[in-house]
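Each remark here refers to the structure printed beneath this line.
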Amino acid sequence: MLPSLCIGELQLETCLLLAPMAGYTDFAFRSGVRHLDGLGLAYTEMLNPRSVMQGGGRKRHALLATGPADHPLGWQIYGSDPVLMAECAVYLYETRQPELIDINMGCPQRKITGRGDGAALLRNPELAKRIAREVAAAVPVPVTVKLRIGWDTDQLTAPKLAAALPDCGISAITVHGRTSKQKYTGHSDTAAIREVVQAVQGIPVIGNGDVLSPEDAERMLETTGCAGVMIGRGALQNPWIFEQTKAYFKNGKTGPPVARCRHTDFMLAHLDRTSALYGAENAAKLFRKWLPHYAVGLGISKPRMVELMQYRKTSELRLELKRSAAPGFAD
Ligand SMILES: Cc1cc2nc3c(=O)[nH]c(=O)nc-3n(C[C@H](O)[C@H](O)[C@H](O)COP(=O)(O)O)c2cc1C
């Protein structure tokens, strides 16, 4: 049986979490995964406190969009100003009823770390702890931290920082087994995740990185001793990974592949929700980044996928996607 997971007072049905992914884990995608089984908790993409609290416009509306079925949901924020971060957590708490607030200490992008945000906090543990303390004290829901194993292989600071976070009021820690310098190259290091698990007392540690199958999830739990598994890219290509992992733990074997019609319905419903969220005039363009992921699952050829990327009108793209996904379609 797949273990459940408790973060502070929050009891999750399974220990499988959908990772925060900028540009991907919006309300349109999360809603689709919610209809499937096995997901314990989903996250928003990382949010800039200023964008959350100021201004209006369609982009902000889409970033903050959620709905009654979009729970439990963790809202991830990033930044290095403890006061602003705490204010943002309060704003989200008062306006969005989050089950949980997560602090990003792992983003490796230069435009983020260059300002001292994201993974740069791994090199500034005193500030990282201050942010954790201020945010955790500001809201009555669990506050968690997501980090990488260190800045680079000479500075594997995650175990020491993570060990101090429970005393700052943090309720769980997610660790991605790569350094910031590595970005997405090489492999996620399960031994390094295990070191974080062993360093932290009293709160759950969630393992993350390179989980693409139920077997990978099992390996992550067994080799690191972590309490939960967060899945990112594996869920973009295969949103069914949560239900497949739940079934794998129950039955001890992998089930049949996802039926083509389920895949097609999921994709078209995702496009419809993207259209509702961002406007039909923007949806075809925004959906382009999803086409390579769906093409793999549906066996759509690369040339056909490139062709599909040219469609500007959402209604046309929808028709063509349906045609390409039909059994026996030959390009
Ligand atoms: C396109 C993309 C966007 C991401 N955005 C975020 C983000 O907003 N916040 C965050 O903490 N991590 C972000 N990540 C990192 C993932 O949450 C995760 O830690 C990483 O992809 C490793 O897990 P995986 O191998 O299961 O994908 C992003 C990753 C990708 C590929």
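Brief remarks follow.
- Of everything in the range 1-19 that is in contact (Cβ under 8 Å) with a residue 40 or more places away in the chain and more than 24 Å from Glu215 (Cβ to Cβ), the residue that is nearest to the ligand (Cβ to nearest atom) is Ile7.
- Thr179 being in the same structural domain as Leu92 (by TED's automatic domain parsing), within 15 Å of the ligand (Cβ to nearest atom) and farther than 30 Å from Thr95 by Cβ: yes
- Ala235 vs. criteria open to solvent by less than 10 Å² (accessible area, probe 1.4 Å), over 15 Å from Pro3 (Cβ atoms) and aliphatic (A, V, I, L, M): yes
- None of Arg34, Arg50, Arg58 is basic (Lys, Arg) and in contact with an Asp or Glu (Cβ under 7 Å, 6 or more places away or on another chain) except Arg34.
- Residue-level check: of (1) under 19 Å from Leu41 (Cβ atoms); (2) touching a residue at least 40 places away in the same chain (Cβ under 8 Å); (3) part of a helix (DSSP H, G or I), His176 misses just (3).
- All of (1) on the phi < 0 side of the Ramachandran plot; (2) over 22 Å from the mean Cα position of the chain (by Cα); (3) not β-branched (Val, Ile, Thr) hold for Met267 with one exception: (2).
- Restricting attention to the range 119-153, the residues that are touching a Cys at 6+ places or on another chain (Cβ under 8 Å) and not basic (Lys, Arg) add up to 3.
- As for the range 32-39, it holds at least one residue that is in contact with a strand residue (DSSP E or B) (Cβ under 7 Å, 6 or more places away or on another chain), at positive phi and crowded, with 16+ Cβ neighbours inside 10 Å.
- Filter result for Val197 (away from the ligand (no atom under 15 Å from the Cβ), touching a strand residue (DSSP E or B) at 6+ places or on another chain (Cβ under 8 Å), at pLDDT 95 or above and among the aliphatic types (A, V, I, L, M)): yes
- Of Asp117, Asp189, all but one fail to be among the charged types (D, E, K, R), within 16 Å of the ligand (Cβ to nearest atom) and open to solvent by less than 20 Å² (accessible area, probe 1.4 Å); the exception is Asp117.
- Residues that are over 30 Å from Phe287 (Cβ atoms) and either surrounded by fewer than 23 Cβ atoms within 10 Å (Cβ to Cβ) or within 11 Å of the ligand (Cβ to nearest atom) (or both), drawn from the range 207-232: Gly207, Glu215, Glu218, Arg219, Met220, Leu221, Glu222, Thr223, Gly225, Ala227
- Candidates Lys246, Lys289, Lys250, filtered to the one that is under 28 Å from Arg60 (Cα atoms), basic (Lys, Arg) and part of a helix (DSSP H, G or I): Lys289
The values are calculated or read from the model by the stated rules, or taken from the named source; none is laboratory data. Given the structure is predicted, the values throughout are model-derived calculations rather than measurements. Reconstructed Cβ throughout: ideal geometry from the backbone, glycine too, with neighbour counts over all protein chains shown. Just so you know, the surface numbers come from the protein's heavy atoms only, side chains and all, with ligands and any DNA or RNA stripped out. Shrake-Rupley method; radii C 1.70, N 1.55, O 1.52, S 1.80 Å.
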